[in-house]
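Presented below is the structure to which this report refers.
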Amino acid sequence: MTNDARKRITALEQFTELGSGFNIAMKDLEIRGAGDLLGGEQSGFINEIGFDTYQKILNEAIEELKETEFADLYKDDGKPRTFVRDITIDTDFELLFPDDYVNNITERLNLYTKLNELRSEEDLDTFEAEIVDRFGEMPVQVVDLLDSVRLKWIATKMGIEKLIMKKGKLIGYFIQDQQSAFYQSEDFTKVLQFVQTHPKDCTMKQKETRKGLRLLVTFNNIKSVKQAVNILKPILH
């Protein structure tokens, strides 16, 4: 990314919230080829990888610049710092909209897309009410799916990049980069305090993986996604 592009992105963000307004503007740029903002080469790049993927890359670039070259500019912006941008869940629970609950495949895909775009508990509650109103009482798979979104939000704030929820255990893998500022943060201190004061509920250790040494936390006797949410929720409060 060129220096000019960095400056333009910074200017855009200063005058536009990174939310619906920014997304609408970027969508408009996509329609026009995005040439005015980033030039012809990037326009072809957008067409090649798709707008959603491009937007994700752009957002990640913005966050990276905030933490490096523009750290001084954003250190007092009052917004909570985001250390984890993406998290994966590997589980033996079924997290989905069953075919017999939402029959139309296009509708199911639309619901997954909308669910992935939610960012607050209020939005999730509204989404849940709409689901019940349209399709009736939610089966356990949908309840678990919605709770998995809550679980992701909480785990992300805890600095967890990967969750494994299988065979009654919940294992959280913390940020791989051991030099991350997260490990000096107040949130990580709260996680350590919780582990130290709840030795019967969870354990923390380092594990050698294919990608190197990882810090992980393990919770036992996890029987549902909602239980996992209820266990993690008070840790940062």
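Fewest neighbouring Cβ atoms within 10 Å first, the residues Thr106, Thr218 line up as Thr106, Thr218.
DSSP loop (so not H, G, I, E, B), at most 10 other Cβ within 10 Å: list which trypsin sites (Lys or Arg not before Pro) in the range 123-203 pass both filters. Please report the intermediate quantities before stating the final value.
Working: sites: Arg134, Arg150, Lys152, Lys157, Lys162, Lys166, Lys167, Lys169, Lys190, Lys200; in loops: Lys167, Lys200.
Answer in residue order: Lys167, Lys200.
Across the range 171-233, how many lysine pairs separated by 8 or more positions, or lying on different chains, have Cα atoms within less than 18 Å?
Numbers: Lys190/Lys200; Lys190/Lys205; Lys190/Lys233; Lys200/Lys223; Lys200/Lys233; Lys223/Lys233.
Total qualifying Lys-Lys pairs in the range 171-233 comes to 6.
Rounded, prolate or oblate: which one fits the range 145-197, using the alpha carbon gyration tensor with axes a ≥ b ≥ c (rounded when a/c is under 1.5, else prolate when a/b beats b/c, else oblate)?
Values: a/c = 1.78, a/b = 1.58, b/c = 1.13.
Verdict is prolate for the range 145-197.
Note on the range 88-236: Cα Rg divided by 2.2 N^0.38 Å, N the number of residues, gives 1.14. Of the residues Thr91, Thr82, the one with the fewest other Cβ atoms within 10 Å heads the list, and the complete ranking is Thr82, Thr91.
Just so you know, all these numbers are worked out from the coordinates, no wet-lab data involved. All of these numbers come straight from a predicted model, not from anything done at the bench. FYI the Cβ positions are ideal-geometry reconstructions off the backbone, even for glycines, and counts take in every protein chain you see.
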